[in-house]
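Engineer: Starting off with a structure, shown below.
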Amino acid sequence: MLFILTQRWFGQIPLEKRLRKHFKTILVVLILLVAIASLFIHPFGNVKTVSRSSNRQLLSGTQIDPAVFNIMQRSCQNCHSEETAWPWYSYIAPVSWLVEQDVRDGRSHFNMSRWSEYNRDDRIQILSGIGTRVRNKSMPLPKYLLLHRDAKLNDAEIDLVYQWTRAERKRLKSGAGSTQQSAPRQVKTSLATN
Ligand code: HEC
């Protein structure tokens, strides 16, 4: 009996036909695997849950013009703050892992949500990094721009950001802003864009 069954399965029905016959089952299994991987496998940590629990002011303590602040939000916030807006594909493995890795790495280098936790030297160093990276167009990450065209900066915007980093560094070096939250010009514009 078993012999006859296996004969029918593997002997007579050609592979293509068998695949077609079981297409639905294969599809369901694949979808389940992807779903399980997406939900439970996070090789770069629970990057997404952090963003839900934090509600901090971005770049708190800096003196920043609303125009520049908006650029930073538009272009950098998704990777460099805990206010990340997660697109649908960022929930689907294995793409989700690539996105989570970028966000984790981005935040670990420069996190706008935790600006007030950096000391003066860190801030100065990150500011000069921002100036360099924006001017040589290595930030925002070029691959990110493929899917987020609105994050692209034009020359005028690059210059605005650069001038801000210079002014802010100068301010910090002259001693201002060294005590946390000294006289921050808190920018309240468009904090609720996502
Ligand atoms: C797609 C995610 C992404 C976006 C968007 C993005 N970054 Fe980054 N950023 C990263 C990653 C990942 C790193 C760490 C790897 C590296 O240094 O290249 C990084 C590193 C940096 C660093 C280096 C910090 C250090 O330690 O010196 C600076 C500065 C920086 N980014 C600034 C910016 C600015 C400014 C913007 C917006 C104009 C921006 N980034 C947009 C992902 C991103």
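Engineer: Mind listing whichever residues of segment 1-53 are at pLDDT below 80, outside any loop (DSSP other than H, G, I, E, B) and more than 30 Å from Tyr118 (Cα to Cα)?
Structural biologist: Going residue by residue through segment 1-53, those that are at pLDDT below 80 are 1-13, 50-53.
Now drop any that are not outside any loop (DSSP other than H, G, I, E, B), which leaves 2-12, 50-53.
Hits for segment 1-53 are Leu2, Phe3, Ile4, Leu5, Thr6, Gln7, Arg8, Trp9, Phe10, Gly11, Gln12.
Engineer: I would also like to ask the following. State all residues of segment 128-143 that are touching a residue at least 60 places away in the same chain (Cβ under 8 Å) and either in contact with a Gly (Cβ under 9 Å, 6 or more places away or on another chain) or outside any loop (DSSP other than H, G, I, E, B) (or both); if no residue qualifies, say none.
Structural biologist: Taking segment 128-143 first, the residues touching a residue at least 60 places away in the same chain (Cβ under 8 Å) are 139-141.
Once the filter is applied, which keeps residues that are touching a residue at least 60 places away in the same chain (Cβ under 8 Å) and either in contact with a Gly (Cβ under 9 Å, 6 or more places away or on another chain) or outside any loop (DSSP other than H, G, I, E, B) (or both), segment 128-143 yields Met139, Leu141.
Engineer: Please pick out the residue among Arg120, Arg107, Arg135 that is within 12 Å of the chain's Cα centre (by Cα) and of a type in the set (Lys, Arg). Talk me through it step by step, then tell me what you get.
Structural biologist: On the way: Arg120 fails: within 12 Å of the chain's Cα centre (by Cα); Arg135 fails: within 12 Å of the chain's Cα centre (by Cα).
Unique residue meeting the criteria: Arg107.
Engineer: How many residues does segment 59-108 hold that are among the aliphatic types (A, V, I, L, M), out of contact with any Cys (no Cβ under 7 Å at 6 or more places or on another chain) and part of a helix (DSSP H, G or I)?
Structural biologist: From segment 59-108, those among the aliphatic types (A, V, I, L, M) are 59, 64, 67-68, 71-72, 85, 92-93, 95, 98-99, 103; that's our starting set.
Next, only the ones that are out of contact with any Cys (no Cβ under 7 Å at 6 or more places or on another chain) stay: 59, 64, 67-68, 71-72, 85, 92-93, 95, 98-99.
Next, only the ones that are part of a helix (DSSP H, G or I) stay: 67-68, 71-72, 95, 98-99.
Qualifying residue count for the region: 7.
Engineer: Same structure again: Determine, yes or no, whether Gly45 is away from the ligand (no atom under 12 Å from the Cβ) and over 21 Å from Arg166 (Cα atoms). Steps first, please.
Structural biologist: On the way: away from the ligand (no atom under 12 Å from the Cβ): yes; over 21 Å from Arg166 (Cα atoms): yes.
Here the answer is yes, as Gly45 does meet what is asked.
Engineer: OK, next. List pairs: first residue in segment 100-127 and within 17 Å of Phe44 (Cα to Cα), second residue of a type in the set (A, V, I, L, M, F, W, C) and part of a loop (DSSP other than H, G, I, E, B) anywhere in the structure, Cβ distance under 7 angstrom, at least six positions apart or on different chains.
Structural biologist: Close Cβ pairs satisfying both conditions: Glu100/Phe44; Gln101/Phe44; Asp102/Leu141; Arg104/Phe44.
Engineer: Going through segment 63-104 one residue at a time, which ones are away from the ligand (no atom under 13 Å from the Cβ) and either within 8 Å of the chain's Cα centre (by Cα) or within 22 Å of Ile158 (Cα to Cα) (or both)?
Structural biologist: The answer is Gln63, Asp65, Pro66, Ala67.
Engineer: Out of Arg123, Arg56, which single residue is away from the ligand (no atom under 16 Å from the Cβ) and either surrounded by fewer than 18 Cβ atoms within 10 Å (Cβ to Cβ) or in a helix (DSSP H, G or I) (or both)?
Structural biologist: Values: Arg123 fails: away from the ligand (no atom under 16 Å from the Cβ).
Being away from the ligand (no atom under 16 Å from the Cβ) and either surrounded by fewer than 18 Cβ atoms within 10 Å (Cβ to Cβ) or in a helix (DSSP H, G or I) (or both) holds for just one of Arg123, Arg56, which is Arg56.
Engineer: Would you check which residues across segment 129-146 are near the ligand (Cβ under 9 Å from one of its atoms) and surrounded by fewer than 14 Cβ atoms within 10 Å (Cβ to Cβ) and list them? Talk me through it step by step, then tell me what you get.
Structural biologist: Initial filter on segment 129-146 (near the ligand (Cβ under 9 Å from one of its atoms)): 129-134, 138-141, 143-145.
Correct list: Thr132, Ser138, Lys143.
The values are calculated or read from the model by the stated rules, or taken from the named source; none is laboratory data. Since this is a predicted model, take the numbers as computed values, not measurements. All Cβ positions, even for glycine, are placed from backbone atoms using ideal geometry, and neighbour counts span all protein chains on display.
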